[in-house]
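Here the structure is laid out as structure tokens; the discussion comes afterwards.
The values are calculated or read from the model by the stated rules, or taken from the named source; none is laboratory data. What you are looking at is a predicted structure, and each value in this text was computed from that prediction instead of being measured. Neighbour counts are summed over all protein chains in view; Cβ atoms, including those assigned to glycine, are modelled from backbone coordinates with ideal geometry. Accessible surface is based on the protein model in full, side chains and every heavy atom, while ligands, DNA and RNA are left aside. Shrake-Rupley method; radii C 1.70, N 1.55, O 1.52, S 1.80 Å.
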Amino acid sequence: MSPSLSRRWLNGAMLQPVVVLAGGLSHQRDISLKSGRTVAQALRRVGHEVVEADIDSSLIETLRANDGAVVFPMLHGGLGENGALLEVLQLMDIPYVGSGPATCRISFDKSIASRTVAAAGVAIPQQAALPHDVFRELGAQTVIRSITERFGLPVIVKPARGGSSLGVMKVEDAVDLPQAIANAYAYDDMAVVEEFVTGTELAIGMITSSEGTRVLPAVEIRPVGGVYDYSAMYTGGETRLTAPADISDETAEAATQMAQIVQRELDFSGISRVDAIVDGSGRPVFLEAGAAPGMTATSLVPVAMEAAGLDLGQVCSHLVADVARNHD
């Protein structure tokens, strides 16, 4: 029998019951479970009744048993970030916190998201999206020669669709490019190769409700190994985070404006994040954006919330209430 929830009241205000979705079958399952647990505990701390659910055969039963609850997806990769599960929630008329399916599909594909925001005037690195079959049919050497002639070295290679920097490699020698691209194909059938931009790496969190978007202080990322990959993200001591970032007021304002454009163009809702590099001229260069950023102990958005003096539980509760209030 699936657990059921009831509404609670706190200081005269109704607290909506919540189903936090985490897990799934993507490469980021473990991170998703940690993010989900963080959000569930934060919501419980401020008084919500919460059920934590995985993406399995019992999910629909759990959702139906908790009619009236708001779903809070904390899924990374796969069904969580490509919009597929959200389509089902919309078909079932279940309210949920976060961005819609179309936004998730666009932002989940780094090559499409980059081109979308570039059309709105946001700076992006030079890049190429390489489908696996094209790379195979045309021959690795032909493609690699074209890449190095166009972008030079080093370059960054990453899967077009994915997160947590899985499959991401910095390549400084052309002989290493085939292996880096093959590694990206282990996570997706599309690889993105882009010029390496030297500068200060930033993560800019955003909180969007029906009242508007609040851009959080930028978090400066300084990985010990020089590249913010999976190990640097989730291993304590591998990355130094500074919030607010140690950048000029003018650069901070430019980063905020860039995040606002990205939010508008991609139509993010709930909690989202933009990753960028500040180049030598002080210009923020867009790298990627996420509709479902991590919320673990080492994740970036919670660091930004703390720098802004915000409580995670109160932020999540506000988003839940906003969704419930505006659900038809």
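Confirm whether A191 is small (G, A, S) and part of a helix (DSSP H, G or I). No; evaluated as a whole, the condition is false for this residue.
Only one entry in G36, G23 is in contact with a strand residue (DSSP E or B) (Cβ under 7 Å, 6 or more places away or on another chain), open to solvent by less than 10 Å² (accessible area, probe 1.4 Å), small (G, A, S) and not assigned by the TED database to the domain that holds A184, namely G36. Report yes if some residue within region 268-286 is polar (S, T, N, Q) and modelled with pLDDT under 95; otherwise report no. So far as region 268-286 goes, yes, one or more of its residues are polar (S, T, N, Q) and modelled with pLDDT under 95. If you filter region 64-97 down to residues that are at positive phi and modelled with pLDDT of 90 or more, you find that the one that is most open to solvent (accessible area, probe 1.4 Å) is D93.
Could you pull out every one of the strands (runs of 3 or more DSSP E) wholly within region 59-169 that has 3 or more residues that are more than 24 Å from G36 (Cβ to Cβ)? The qualifying strands (runs of 3 or more DSSP E) are 127-131, 155-159.
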